[in-house]
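The values are calculated or read from the model by the stated rules, or taken from the named source; none is laboratory data. The structure displayed is predicted, hence computed values, not measured ones. A quick note on method: Cβ atoms are made from the backbone with ideal geometry, for glycine too, and the neighbour counts reach across all protein chains shown.
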Amino acid sequence: MSVIERTRPVQEAAVREPRITDEHGRRIRVWELVLRYTLLLIVLAITVGPFVWQLSTSLKGPTEDIYSSPPTFLPEHPTLHNYKRVADTIPVWDYAFNSLKVATANVVTNCVGSALAGYALARLRYRGRRVATLVFILAMLVPVEGIIIAQFTTMRELGLNNTLIGVVLPGCIGAMNVLLMRNAFLNLPYEIEEAAFVDGANVWQRFLRIALPSVKGTIAVVAIFAFMGAWDDFLWPLIVLSDPSRFTLTIGLNYLHGTFANDERLVAAGTVIAVAPLIALFACLQRYFFRGVGEGAVKG
Amino acid sequence: MADVSRVRRQLPTSPWLFAAPGLLVVGVFVLYPFASTVINSFTDRRTLIPGHFVGFANFRELWHDDMFWTGLRNSTLYILGVVPALVVLPLLLALLVQKNIPGITFFRSAFYTPVVASIVVVGLIWVWLLDERGLVNSLLETIGVGQIGFLSDQWLLLLSAMAVTVWKGLGYYMIIYLAALASVPCELHEAASVDGAGAVRRFFTVTVPAVRSTMVLVGALSSVAAFKVFSEVYLMAGPSGGPAGEDTTLVMLVQRTGTGLTGRVGYASALSVVVFVVTVALMLLVLRADRKEDA
C-alpha cells in the first residue's frame, strides 16, 4: 500500500505531461522548483542528518578520529566492531528483547481491550454507558507525568515494581485508544449489524464477525502507536525498573550513556540498535503513522 | 422499537464484560493514582513509611523551596521557548511539502523520522552532536566561529534542550497542518493572487486565517507537552539537572523527590498537583483564547 502511495504522484506528473504542475494543474516555474528543492534538502539535512551522523560514528573503527575538524562523514574503514563491543558492555540484546516483550504485550492488550471497551461504548445499550464514557474521557485528560509517583506506589503495593509486567500495566489499555475505537465503531453504518441481529446473531458474533473486521484500519493505528509508545517510553520504565537485568532498551541506553559517556562510538552503536526497528516499521507502515497523528490530534 | 428488542436479546451483563478490562485498567492505574496523588499531597508519606495528614505543610514547604521555583521557572521558560517555534515552523514546513512535486512523499516521510525515534535516542544523538568536540562544534570551528559549550552553560543547555524538542516535534505538527491545509479551498488563493497578492501576503491573508484553529490546537498540545518536559533535559543536563541543578524542570523534580526507597511521596505529590493545576489552566487558557477570537 505505502509503496503505491509513495510513487503515485511521481508517475502522474511524469505521465500526464513532461513539465511539472501543482495539484491544480498549474505549471510550477523553474526557479520556484529550484528554491523548493533547495529548501527541502536543507530541511532533510537538519532532520535526517543527525541519524546519519550517528550511524556513521557507530561504524568508525577505534583508530579513526571521530573528532576531526572538518568532520569526516564517511567512515574510512566501516566496521561492526562497536556493535560487538556494546553487546560486551551491556546485555543490549537482552534489553532489546525486553523492549520487544513490553511492546508486544502493549499492542495485544491495547488492541483487545480498547476494541472491546470501544464497542461497549458505541454499540451496546445499558445503564451507565454515559458514565463509562465519561470515565475514559477523564482518564485521557489526566497527565501521566502528574501521577507517576502514585502509579509507582500502586505498583509497589501490588508487588509488581521492578518487573516487566509493571512496565506494561499502567498503559496497557489507553483511554485514548478506547475513545478512538468508540469513534470508529460509531462511524460504521448500523444497518448491517441490525440485519445480523435480526438473523439471530448474538452480541459476540456481531462484534467478532461484523464490527471488528470493519475497523481494521483504526486497530492498525492503535497497534502501531501502542508499539511505538512502549518501545520509546522512558520516564515510566526509569521509575519502575531498578534491576539492570530487567532494563528495557531505552533505560539500558541511558545507563550506557551515564557509565560510558566518553565512548561515543559505543553509545552511537546502542542508539542505532534502538532506533533501527522503528524506522523500518515506519518505512513499511507510514500510512498508519500519519493517520494516527490526525486521529490523535482531533481527540487530544 | 428496535431498541427495546435489542436490550432483551443481549445478556444484561455483556456490556459490562466488554467494558470491564478497560474500566479496570483505567480505574486502577489512572484514576486511583490521580485521587491518591491529591490525597498524598496533604500527607508526609514516604515510599516505605505510611504518612499522616499534615494539611498544607507540603505546599508551604514548596513556597520556600528554591528548587521548586527553579523547576517552575524552567518549565515555564520551556513553554515560551518551544511553543512559538512549534506553532510556526511546522506550518511553514507543511507549506513546503504541500505541493505534489516529484519525490515529495519521500521528503514528507523523512521529515517525520525524528517523531518515530525514542526520546532517549534523540537525546543521546544531540548530546553527541553538541559535545565540545562533536559535529556542531567542529563545523563551527571550520567556519571560524570557535567552540561553544552548549552542554556546560546553564542557559545554553536549556536552549539546546528546547531546540531538540522542536526538532523532534516538527514532523508531527507538520502532518497536522498538512491535513488542515488540504481543506483550504484553492479558490481563495487564486482570488488573492488575481488581486495581486504575493506569496507572503497570501500567507497572512489566506493561509493563516484558514488554519487559525489548527494553530490554536497545536499551541495547546505543544504548551501542555512543553510544561511537562522531562526526558530531553534529563538526558542532556544529566539526572541532577545541569550545573548546580539550575536546569531542573518540574517533572524532573517530581521524579527526583518521589522515587526510590527514600522517596518523599507526599512532597512529590504536592509537586504533581502543581503540574496538574498548571496543565489544566493552560488548556483552559488556550481554549478561551480560541473562543474569544471567534466571537
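Could you pull out every one of the helices (runs of 4 or more DSSP H) wholly within the range A:21-123 that has 3 or more residues that are surrounded by fewer than 19 Cβ atoms within 10 Å (Cβ to Cβ), away from chain B (no Cβ under 11 Å) and within 26 Å of the chain's Cα centre (by Cα)? Quick ask: steps written out before the conclusion?
Working: elements: A:30-58, A:81-89, A:92-123.
Because the criterion is at least 3 residues that are surrounded by fewer than 19 Cβ atoms within 10 Å (Cβ to Cβ), away from chain B (no Cβ under 11 Å) and within 26 Å of the chain's Cα centre (by Cα), the helices (runs of 4 or more DSSP H) in the range A:21-123 that meet it are A:92-123.
Tally up the residues in the range B:22-68 that are over 30 Å from A:MET181 (Cα atoms), of a type in the set (Gly, Ala, Ser) and surrounded by 13 or more Cβ atoms within 10 Å (Cβ to Cβ), please.
First, pick out the residues of the range B:22-68 that are over 30 Å from A:MET181 (Cα atoms): B:38-68.
The next check asks that each one be of a type in the set (Gly, Ala, Ser); those that pass are B:41, B:51, B:55, B:57.
Retained after the next criterion (residues that are surrounded by 13 or more Cβ atoms within 10 Å (Cβ to Cβ)): B:41, B:51, B:57.
Residues that pass the stated criteria total 3.
Could you say which residue among A:TRP236, A:TRP204 is without any contact (Cβ under 8 Å) to a residue 40 or more places away in the chain, out of contact with any Phe, Trp or Tyr (no Cβ under 7 Å at 6 or more places or on another chain) and assigned to a helix (DSSP H, G or I)? So that I can check it myself, show each step before the final result.
Values: A:TRP236 fails: without any contact (Cβ under 8 Å) to a residue 40 or more places away in the chain.
On inspection, the qualifying residue turns out to be A:TRP204.
Take A:GLY258 and tell me if it is surrounded by fewer than 22 Cβ atoms within 10 Å (Cβ to Cβ), closer than 24 Å to B:VAL122 by Cβ and free of Cβ contacts under 8 Å to residues at least 24 places away in the same chain.
Numbers: surrounded by fewer than 22 Cβ atoms within 10 Å (Cβ to Cβ): yes; closer than 24 Å to B:VAL122 by Cβ: yes; free of Cβ contacts under 8 Å to residues at least 24 places away in the same chain: yes.
Yes, satisfied.
Report yes if A:ALA201 is more than 27 Å from B:PHE34 (Cβ to Cβ), at pLDDT below 90, small (Gly, Ala, Ser) and buried (at least 16 other Cβ atoms within 10 Å of the Cβ), otherwise no. Let's see the steps before the verdict.
Values: more than 27 Å from B:PHE34 (Cβ to Cβ): yes; at pLDDT below 90: yes; small (Gly, Ala, Ser): yes; buried (at least 16 other Cβ atoms within 10 Å of the Cβ): yes.
Taking the combined requirement at face value, the residue satisfies it.
Do any helices (runs of 4 or more DSSP H) lying entirely in the range B:62-145 carry at least 1 residues that are in contact (Cβ under 8 Å) with a residue 24 or more places away in the chain and touching a Lys or Arg at 6+ places or on another chain (Cβ under 8 Å), and which ones are they?
On the way: elements: B:66-98, B:104-116, B:119-129, B:135-142.
Output list reads B:66-98, B:104-116, B:119-129.
Residues are listed down the side, and each one gets a yes or a no for (1) aromatic (Phe, Trp, Tyr); (2) farther than 24 Å from B:ALA268 by Cβ; (3) buried (at least 16 other Cβ atoms within 10 Å of the Cβ):
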{"site": "A:LEU186", "(1), (2), (3)": "no, yes, no"}
{"site": "A:GLU194", "(1), (2), (3)": "no, yes, no"}
{"site": "A:PHE197", "(1), (2), (3)": "yes, yes, yes"}
{"site": "A:LEU208", "(1), (2), (3)": "no, yes, no"}
{"site": "A:ALA211", "(1), (2), (3)": "no, yes, yes"}
{"site": "A:VAL215", "(1), (2), (3)": "no, yes, yes"}
{"site": "A:VAL221", "(1), (2), (3)": "no, yes, yes"}
{"site": "A:LEU238", "(1), (2), (3)": "no, no, yes"}
{"site": "A:THR248", "(1), (2), (3)": "no, no, yes"}
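Could you figure out which of (1) touching a helix residue (DSSP H, G or I) at 6+ places or on another chain (Cβ under 7 Å); (2) surrounded by 22 or more Cβ atoms within 10 Å (Cβ to Cβ); (3) farther than 24 Å from A:ALA280 by Cβ isn't true of B:VAL97?
Just one mismatch for B:VAL97, condition (3).
Here is a check on your reading of the model: is B:SER152 of a type in the set (S, T, N, Q), within 30 Å of B:VAL233 (Cα to Cα) and in a loop (DSSP other than H, G, I, E, B)?
Considered against the rule, which asks whether it is of a type in the set (S, T, N, Q), within 30 Å of B:VAL233 (Cα to Cα) and in a loop (DSSP other than H, G, I, E, B), B:SER152 comes out as yes.
Applying the selection to the range A:262-284, what residues are over 18 Å from A:HIS81 (Cα atoms) and within 9 Å of chain B (Cβ to nearest Cβ)? Give the derivation first.
Taking the range A:262-284 as the starting set, the residues that turn out to be over 18 Å from A:HIS81 (Cα atoms) are A:275, A:277-284.
Correct list: A:VAL275, A:LEU278, A:ILE279, A:LEU281, A:PHE282, A:ALA283.
In the range B:255-275, which residues are surrounded by fewer than 21 Cβ atoms within 10 Å (Cβ to Cβ), more than 12 Å from B:LEU62 (Cβ to Cβ) and either of a type in the set (Val, Ile, Thr) or touching a Phe, Trp or Tyr at 6+ places or on another chain (Cβ under 8 Å) (or both)?
Listed by number, the list holds a single entry, B:THR262.
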